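Data first, discussion second: the structure below is written as structure tokens.
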Amino acid sequence: MKRPNLIFIVADDLGFADLGCYGGRDAAFGPVSPVLDRLAANGLRLTDGYANSPVCSPTRFAMITGRYQYRLRGAAEEPLSAKGKGSTTLGLPPQHPTLPSLLRDVGYRTALIGKWHLGYPPHFGPTKSGYDEFFGAVSGGVDYFTHHSPSGAHDLYLGEAEHAEEGYLTDLLSRRAVDYVHRMANGARGDTPFLLSLHYTAPHWPWETRDDAHIAPEVAKNLFHLDGGNVESYRRMIHHMDEGIGWLVQALEQEGLLHDTLIVFTSDNGGERFSDNWPLVGGKMDLTEGGIRVPWIAHWPAAIAPGSVSSQQCLTMDWSVTLMELGGAKPAPGHEWDGVSLLPMLRDATHTFERPMFWRMNHRGQRAMRLGRWKYLRVDGHDYLFDISTDARERANQAQAQPQRLAQMREAWETWDASMPAIPDDATVSLGYSKADMPQR
């Protein structure tokens with residue numbers, strides 16, 4: 001089979017039920033995500049897919065390496081912040097094999113359009129880690145109009161140089177992605193496929209739609225935008241992203257590439273304050289389901305049957321490994337993948353296999369393990385056991401009813417944890433807001 005073009009689209013802080021195809025409700029203006037809903041209807045939708053972390057930069061370390069993020073020092077930051085500027089350790093080491101570098105080695109052209117958040121220049125950056133091209137932001141969040149980060153620094157880059165360009169950031173990223181497809185089309189129709197990582201900042205704060213340029217000066221005082229936003233503006237931000245993905249799909253159709261292109265869509269972690277995570281509890285920064293279970297959509301007409309739905313459990317890094325396997329890449333010696341290929345599931349959605357998954361967080365001493373229907377969870381020193389197949393809200397604690405199962409899963413988690421580097425003493429947790437800013441869940 002012809003090697004597919006690969007498009008890995010990542011939303012930022014999108015909730016599990018924010019999309020129509022995951023049960024999300026229409027907004028006042030109508031359907032929130034019609035393009036993504038069509039991709040799901042004509043492709044594959046997962047019900048039990050997870051992010052490697054409930055916060056952004058650790059997930060991105062796993063996504064780009066195909067390995068547990070805990071293996072790299074930078075991923076111990078929850079998340080990376082501007083305090084890491086100038087650091088030679090808080091970022092993705094340029095010598096580490098990555099999804100783009102390994103695919104580039106086997107003939108793919110590679111580009112990142114959007115959010116990097118894996119360390120600051122001059123020591124780190126997308127073009128140092130396998131991407132031929134980069135357009136986007138290097139920090140965790142930026143204003144959609146001024147393109148300034150929370151520290152007040154201008155944060156829009158073209159390659160390794162700062163780049164000034166007017167416009168609403170979500171649209172700028174979408175249009176760059178469209179341009180990339182058109183530029184890569186001739187080669188892609190031949191024997192030179194491409195990897196496009198399209199990593200939106202939407203619907204991450206600040207809460208700005210296309211019509212909100214007038215609030216940018218005020219938002220600049222605090223990009224966390226603690227006194228702004230609402231459910232409708234949040235849904236509009238998702239809709240802008242969805243519309244841009246539609247432009248990208250249209251470009252693929254115009255170039256005759258849609259049939260042989262695998263489009264994967266997800267979120268880097270669970271939703272934040274305006275997200276819909278129903279029926280899950282919790283959100284960003286939590287190892288409850290709402291913080292880590294995320295949408296996963298795959299569209300590839302050459303191989304994926306329309307209307308496919310899978311209950312396969314998986315992590316972000318599994319999709320990275322799947323893309324690398326499809327492209328013909330192999331793990332580099334000494335950097336074996338922790339991710340597991342999902343290729344059999346893409347070709348047959350009924351194919352499932354057991355996939356033990358592990359998480360840990362410095363924040364609140366959290367830990368979690370999912371194995372089949374069961375989930376072991378620790379938060380604030382309390383251990384829980386849930387049957388996720390019947391209790392996705394994690395409200396019916398089975399710890400006392402099944403002490404042996406709890407002990408077995410706790411031991412399995414601790415054995416796995418011992419195989420990973422310990423959380424460094426100087427690792428930091430950066431919270432955007434506290435109980436003083438808004439009531440907690």
Inset, instruction - Report yes if some residue within the stretch 80-93 is closer than 27 Å to Gly244 by Cα, crowded, with 21+ Cβ neighbours inside 10 Å, of a type in the set (A, V, I, L, M) and modelled with pLDDT of 95 or more; otherwise report no. - result: no
Legend entry - Matching entry among Ser174, Ser129, Ser149 (being buried (at least 24 other Cβ atoms within 10 Å of the Cβ) and under 22 Å from Trp207 (Cβ atoms)): Ser174
Inset, instruction - Could you please give the count of residues in the stretch 206-222 that are at pLDDT 95 or above and either closer than 21 Å to Ser81 by Cβ or part of a loop (DSSP other than H, G, I, E, B) (or both)? - result: 7
Inset, instruction - Could you grab me the full set of residues in the stretch 225-240 that are under 21 Å from the mean Cα position of the chain (by Cα) and either small (Gly, Ala, Ser) or open to solvent by less than 60 Å² (accessible area, probe 1.4 Å) (or both)? - result: Tyr234, Arg235, Met237, Ile238, His239, His240
Legend entry - Positions within the stretch 312-354 being over 25 Å from Ser197 (Cα atoms) and either within 19 Å of the chain's Cα centre (by Cα) or of a type in the set (Ser, Thr, Tyr) (or both), in sequence order: Thr350, Thr352
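Taking the stretch 243-263, which residues are of a type outside the set (Asp, Glu) and not in a helix (DSSP H, G or I)?
The answer is Gly256, Leu257, Thr261, Leu262, Ile263.
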Inset, instruction - Run down Gly43, Gly114, Gly130 and say which single residue is in contact with a Phe, Trp or Tyr (Cβ under 7 Å, 6 or more places away or on another chain) and at positive phi. - result: Gly114
Legend entry - Criterion (free of Cβ contacts under 8 Å to residues at least 40 places away in the same chain and over 15 Å from the mean Cα position of the chain (by Cα)) met by exactly one of Gly24, Gly20: Gly20
Inset, instruction - Please verify whether the stretch 153-162 includes one or more residues that are out of contact with any Leu (no Cβ under 6 Å at 6 or more places or on another chain), among the small types (Gly, Ala, Ser), touching a residue at least 12 places away in the same chain (Cβ under 8 Å) and surrounded by 20 or more Cβ atoms within 10 Å (Cβ to Cβ). - result: no
Legend entry - Residue count for the stretch 94-123, restricted to those that are out of contact with any strand residue (DSSP E or B) (no Cβ under 9 Å at 6 or more places or on another chain) and open to solvent by 10 Å² or more (accessible area, probe 1.4 Å): 11
Inset, instruction - Among the residues of the stretch 29-60, count how many are open to solvent by less than 10 Å² (accessible area, probe 1.4 Å) and either in a loop (DSSP other than H, G, I, E, B) or touching a Pro at 6+ places or on another chain (Cβ under 6 Å) (or both). - result: 10
Inset, instruction - Give just the number: which of (1) of a type outside the set (S, T, N, Q); (2) crowded, with 23+ Cβ neighbours inside 10 Å; (3) in contact with a helix residue (DSSP H, G or I) (Cβ under 8 Å, 6 or more places away or on another chain); (4) part of a helix (DSSP H, G or I) does Asp318 not satisfy? - result: (3)
Inset, instruction - Take Glu411 and decide whether it is more than 30 Å from Ile304 (Cβ to Cβ) and of a type outside the set (Ser, Thr, Tyr). - result: yes
Legend entry - Scope the stretch 423-438; condition open to solvent by less than 80 Å² (accessible area, probe 1.4 Å) and part of a loop (DSSP other than H, G, I, E, B); matching residues: Ile423, Pro424, Ala427, Thr428, Ser430, Gly432, Tyr433, Ser434, Asp437, Met438
Inset, instruction - Filter the stretch 179-224 for residues that are surrounded by 14 or more Cβ atoms within 10 Å (Cβ to Cβ) and polar (S, T, N, Q) and give the result. - result: Thr192, Ser197, Thr201, Thr209, Asn222
Inset, instruction - Tell me, yes or no, whether the stretch 271-287 has at least one residue that is open to solvent by less than 20 Å² (accessible area, probe 1.4 Å), at negative phi, in contact with a strand residue (DSSP E or B) (Cβ under 7 Å, 6 or more places away or on another chain) and among the aliphatic types (A, V, I, L, M). - result: yes
Inset, instruction - Look through the stretch 132-144, keep the residues that are aromatic (Phe, Trp, Tyr) and over 12 Å from Thr201 (Cα atoms), and return whichever of them is surrounded by the most Cβ atoms within 10 Å (Cβ to Cβ). - result: Phe134
Inset, instruction - Report those strands (runs of 3 or more DSSP E) wholly inside the stretch 86-202 carrying at least 3 residues which are farther than 22 Å from Met317 by Cβ. - result: 133-137
Legend entry - Residue under evaluation Gly74, criteria (1) assigned to a helix (DSSP H, G or I); (2) out of contact with any Gly (no Cβ under 6 Å at 6 or more places or on another chain); (3) of a type outside the set (Ser, Thr, Tyr), criterion not met: (2)
Inset, instruction - Mind counting the residues in the stretch 65-76 that are in contact (Cβ under 8 Å) with a residue 40 or more places away in the chain, open to solvent by 10 Å² or more (accessible area, probe 1.4 Å) and farther than 21 Å from Gly271 by Cα? - result: 5
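The values are calculated or read from the model by the stated rules, or taken from the named source; none is laboratory data. Everything numeric here is computed off the predicted structure, so don't read it as measured data. Don't worry about glycine lacking a Cβ; one is built from the backbone with ideal geometry, like all the others, and counts go over all protein chains shown. The area values use the complete protein model at the heavy-atom level, side chains included, leaving out ligands, DNA and RNA. Shrake-Rupley method; radii C 1.70, N 1.55, O 1.52, S 1.80 Å.
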